[in-house]
Amino acid sequence: MTEQIDQALSRTYDAGFISDIESETFAAELNEDVIRRISAMKNEPDWMLEWRLRAYQNWLTMTEPEWAHVHYPKINYQAISYYSAPKSMKDKPKSLDEVDPELLRVYEKLGIPLYEQEMLAGVAVDVVFDSVSVVTTFREKLQEAGVIFCPISEAIQTYPELVKKYLGSVVPRSDNYFAALNSAVFTDGSFVYIPKGVRCPMELSTYFRINEQNTGQFERTLIIADEGSFVSYLEGCTAPQRDENQLHAAVVELIAMDDAQIKYSTVQNWYPGDEHGKGGIYNFVTKRALCHTNAKVSWTQVETGSAITWKYPSCILKGDNSVGEFYSVALTRGRQQADTGTKMIHLGKNTKSTIIAKGISAGHSNNTYRGLVHMGPKADGARNFTQCDSLLIGDLCGAHTFPYIESRNPSAKVEHEATTSKVGDDQLFLCQQRGLDAEKAVSMIVNGFCKAVFKELPMEFAVEAGKLLEISLEGSVG
Amino acid sequence: MLTIKNLHASVEQKNILNGLNLSIKQGEVHAIMGPNGAGKSTLGYVLSGRDGYQVTDGEVDFQGNNLLELDVEQRARHGLFLAFQYPVEIPGVSNMELMKESVNAVRQHRAETPLTAAEFLKKAKAACQQVQLPLEFLKRGINEGFSGGEKKRNEIMQMILLEPSLCILDESDSGLDVDALQIVANGVNSQRDGKRSFIVITHYQRLLDFIEPDFVHILANGKIVKTGDAALAKQIEKEGYAFLGLDNSAEASA
Ligand SMILES: Nc1ncnc2c1ncn2[C@@H]1O[C@H](COP(=O)(O)OP(=O)(O)O)[C@@H](O)[C@H]1O
Ligand SMILES: [Mg+2]
């Protein structure tokens, strides 16, 4: 069985097609001039350019982090293009009808029929293609509720006060190497503002797609949930199959004011590279939420793609009684490497956090959970519960768990459970003896293993995530 | 239905079956008894095609197919069912999920349309009732936290749902009290329709009081050493395997 499983991981990547869309792309290089040009392309006000340039200065003084359990050749930041946009975007479409049909076809192929999402699912979608946001649906309906959902490039123009106040307030420009780079060169992303007491009337979602060769994607997402509001937001990501590695360094900042709730879900399916580890996306992402009094932020992520994943969606539980949650499924196969987890920083009294992380490793892949639970001196009565489970498929993969606990408050409680198991030959045999083929059997067992996380995803995406796992595991048994 | 000729099989280079012959017709119930370590479970695994159980010689015909050429799932879809001696847990995967896939895999093989959720549920409920398992067991993770007896009844529930043509029950009675034994036996008897055949592996004659066998075989040292009727089981109950004059090393090593 193990042998069959090892043959595994050679299936092709469904989202791997390259679209022939005419683009305007900057030459590969990185310097102040590139940043000025990005800023100019976006018609940005001076303060924004200043902010970027300062981030760039910070970045120049920093070094790439090396503590993660991942290995890759040195990235040449001068060999990346920092801006690419479909030509047809020059006069930005106002609705789906005005979008280049070729682009719409790209999303159809990805299984994201934008029209349908708009019509049936009642999900408002922002679509980011390479460096620009191409369309945001449902804007009028959201505006009626006072909800702002637009590309961040537009928010910089239209809502400069909000952006100025909150951009970099949770993830400072100099937070880390990749965050600094993002702050300097970010091109687009989504901006969300939910006013006081408003429950966002629909799911919001953004789909990110890297299409152009040798381009990096540096998106920036900023979500502000004002007092007592609620929003559920989902991001999905894919990229074509290319032989060279592509860099994706995003920053996501969430601000949950008093009594607000943000549910942030990610289905990440960037191109993982081929079975020999050629190509694939380097996914180096900084995501962090600031929770004020009684606020709650849930991060749910299903990570199946990328050659390398480096991300730790975190919560700063600043306000008393605030709650942070992290539910994660990370699947690695082939030569994929994932180092992912979370940080729960308990600062306020009676703050609570829950971490449920499920890592699945197959092939020659390496899957690492890295989590920090910090209990500050004022975090009286704070609680954390962490559960990390690893599931191994075959004998050549690795699972690693690095839980860090810092407790500065004797009344705070931290609970940690961890398990490692293998997809057993006996489990596979049971399923096959009942008539299932080996592939179906593995995907069923893996889905069962992930159940606790999938149930946290918004309904329609839970189905999507289950299917994605199934597809990702296709060919993982012979 | 099933014809086994001169079957030799080994596990990890150790010969377990040494020239086993057995022939089963439609509708028959064959009990297989024998000392611990005789190779009874091995026979079930070899017939169902489990990895690591190497057939080194012999032939097996199952309803006109060369059984040994088929994959595990193909054998299952052809109607071979194994009720496990030690049913394994699959956390998070409900009985319902597995059985719905299973039933529809079998139906697809028979060129039947898949069952709708409602049709499936109806059958599943009936199967649960047959073995007196509360319906919530459909939603629970497979064998997750089930008691020994519940696991055995669950195997029979799955058997009923799948409507196989050959059922191999590997010690479905072990660890059961009399009431549970009766339930399991009733479940099995409800499936005796004159067409379906059974191999009932057991240590205890008492199961055969409830499930009347057409034949009783003694498996020892990797082959069938004696065949008789229900009376043979009674004799073994009384006298043990000693009267067969076997060398007992197999038992000692088990
Ligand atoms: N996976 C295995 N690895 C090594 N030996 C095995 C394995 N499975 C069975 N055996 C050996 O094969 C013999 C027959 O086992 P089994 O078929 O389980 O006997 P029974 O079911 O009649 O008690 C025993 O000696 C047992 O130890
Ligand atoms: Mg046995």
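The values are calculated or read from the model by the stated rules, or taken from the named source; none is laboratory data. In this text, all values refer to a predicted model and were calculated from it rather than measured experimentally. Methodologically, a virtual Cβ is constructed for each residue, glycine included, from the backbone with ideal geometry; neighbour enumeration extends over all protein chains shown. Side chains are part of the model used for accessible areas, which takes the heavy atoms of the whole protein and leaves out ligands, DNA and RNA. Shrake-Rupley method; radii C 1.70, N 1.55, O 1.52, S 1.80 Å.
For the segment B:157-165, counting C-beta atoms of other chains within 10 Å of every residue's C-beta and taking the mean gives 1.
Peptide packing for A:384-393, B:120-129 was compared via the average number of neighbouring C-beta atoms within 10 Å per residue; ordered from the highest value, the list is A:384-393, B:120-129. For the residue pairs B:5/B:40; A:263/A:440; A:263/A:352, the C-alpha atoms sit more than 25 angstrom apart in A:263/A:440.
A 1.4 Å probe over all protein chains sorts A:365, A:174 by accessible area into A:174, A:365, starting with the largest. A helix-only calculation puts chain B at -11000 deg cm²/dmol for mean residue ellipticity at 222 nm, using -39500 (n - 2.57) for each DSSP H run of at least four residues, averaged over all residues.
Loop-located trypsin sites (Lys or Arg not before Pro) across the stretch B:149-217 with a Cβ neighbour count of 11 or fewer within 10 Å are B:195, with loop assigned by DSSP. Label-to-label distance for residue A:420 and residue A:79 is 3.4 nm, based on points extended 7 Å past Cα in the beta-carbon direction. Most tightly packed first, judged by the mean number of other beta-carbon atoms within 10 Å of their residues, the peptides B:9-21, A:220-232 read A:220-232, B:9-21. Here the protein assembly as shown is treated with +1 on each Lys and Arg Cβ and -1 on each Asp and Glu Cβ, and its dipole about the Cα centre works out to around 1200 debye.
Amide H contacts for residue A:402 (H built 1.01 Å from N in the peptide plane; partners 5 or more residues away or on another chain; cut-off under 5 Å): A:369, A:370, A:371. Taking amide hydrogens as placed 1.01 Å from N in the peptide plane, the amide H of residue A:353 sits under 5 Å from those of A:324, A:383, A:384, A:385, each at least 5 positions away in sequence or on another chain.
Which residues in the stretch A:182-206 place their backbone N less than 17 Å from a point set 7 Å from the Cα of residue A:164 along the Cα-to-Cβ direction? So the set is empty, nothing qualifies. Between amide H atoms placed 1.01 Å from N, distances below 5 Å from residue A:247 occur with A:217, A:282, all of them 5 or more places distant or on a separate chain.
What is the protein assembly as shown by shape, rounded, prolate or oblate, if you read a ≥ b ≥ c off the alpha carbon gyration tensor as root eigenvalues and call it rounded for a/c under 1.5, prolate for a/b larger than b/c, and oblate otherwise? Verdict is prolate for the protein assembly as shown.
Rounded to the nearest 5, the antiparallel percentage of DSSP beta bridges internal to the protein assembly as shown is 20%. How would the stretch A:287-442 be classified by its alpha-carbon gyration tensor: rounded, prolate or oblate, with rounded meaning a/c under 1.5 and the a/b versus b/c comparison settling the rest? Taking the square roots of the gyration eigenvalues as a ≥ b ≥ c, the stretch A:287-442 is prolate.
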